[in-house]
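Note sheet for the following structure.
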Amino acid sequence: MNAKDFDLEKIDISWCPGCGNFTLLKILKEAFAELEIKPEHLVVVSGIGQSSKTPHYFKNNTFHTLHGRAIPIATAVKAVNPNLTVIAEGGDGDMYGEGGNHVLHAIRRNPNITNIVHNNMIYGLTKGQASPTTMIGAKTTLQVNGVILEPFNPIAVAISLNASFVARAFVGYIEKTKEILKKAILHKGYSIIDIFQQCPSFNKINTFEWFKQNTYYLEDEYDPYDRINAFRRSIETEKLPLGIFYINEKKSFEDNLGLYNDKEDPLCFRERDSNKIVKYIDSKLR
């Protein structure tokens, strides 16, 4: 397989020139191809926003949800058909603002999905308001005197809640970002990847060059299984670390459900007998 297997014949991409979404789209298609994930076995669920348009621009099974609601839909898709590769995708506003509550409970449930967050530190679709990750002091179309709120730190929050796989990347480093993404997809459990990218139209502070100058990769000898050190690194602010911060091998949501064994088909292929379902639930409640 190669990235062209995910190309669509006719698409009208609505992103601004220079948007980081273009690079991430390229990275996604290459990662899926290298992992030999066929488009028909891939489901990408997105919310609302410029980043959430991504699944419309390449071949896959797509579910476009309400603002911030990609994670619960993705969780349900994976639960009924664990044979699929399921991605929940959205921006920093969509995932951490409107969808912030779902991130917290996805960490608790640990569904075997990959959560990709396009983090450009601004609301792009609605024309430049501050998002949960916008830096203090940044002047926006709405916060004209500068942002006064502490930015949300998704990496620190995910590690503090003992998430299964926590990583951060930057689209400016294509190969490294692709490798992190591939490891996240292969990881069994909830993987959250916060991906920095530039928004040339509305964020004039956190530009491509700013991310280059204000990020660095965790050392080769860094241990992602050391939770305390992972949290310590996640709260660094002088320069922002990139890489896989934390891995916690634990049972996934689907495994804990106990719905599957070697002899049973995924739920989506089984006969639907409501009487059996009622009897099953009744037996568990006795």
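If only one of 154, 82 is of a type outside the set (Ser, Thr, Tyr), at negative phi and buried (at least 23 other Cβ atoms within 10 Å of the Cβ), which one is it?
So the residue among 154, 82 that is of a type outside the set (Ser, Thr, Tyr), at negative phi and buried (at least 23 other Cβ atoms within 10 Å of the Cβ) is 154.
Identify, from the list 245, 170, 196, 208, the residue that is modelled with pLDDT of 95 or more and more than 17 Å from the chain's Cα centre (by Cα).
Matching residue, one of 245, 170, 196, 208: 208.
Could you tell me which numbered condition residue 177 fails, if it satisfies all but one of (1) within 22 Å of residue 21 (Cβ to Cβ); (2) of a type outside the set (Gly, Ala, Ser); (3) part of a strand (DSSP E or B)?
(3)
Quick test of your reading of the structure: residue 88 fulfils all but one of (1) buried (at least 23 other Cβ atoms within 10 Å of the Cβ); (2) more than 12 Å from the chain's Cα centre (by Cα). Name the failing condition by number.
(2)
Do we have any residue at all in region 202-210 that's of a type in the set (A, V, I, L, M), in contact with a strand residue (DSSP E or B) (Cβ under 6 Å, 6 or more places away or on another chain), in contact (Cβ under 8 Å) with a residue 24 or more places away in the chain and not in a strand (DSSP E or B)?
no
Quick one: count up the residues across region 18-55 that are more than 15 Å from the chain's Cα centre (by Cα) and either at pLDDT below 95 or β-branched (Val, Ile, Thr) (or both).
2
The values are calculated or read from the model by the stated rules, or taken from the named source; none is laboratory data. Computed from a predicted model, the values in this text were never measured in an experiment. Backbone-built Cβ (ideal geometry, glycine too); neighbour counts: all protein chains shown.
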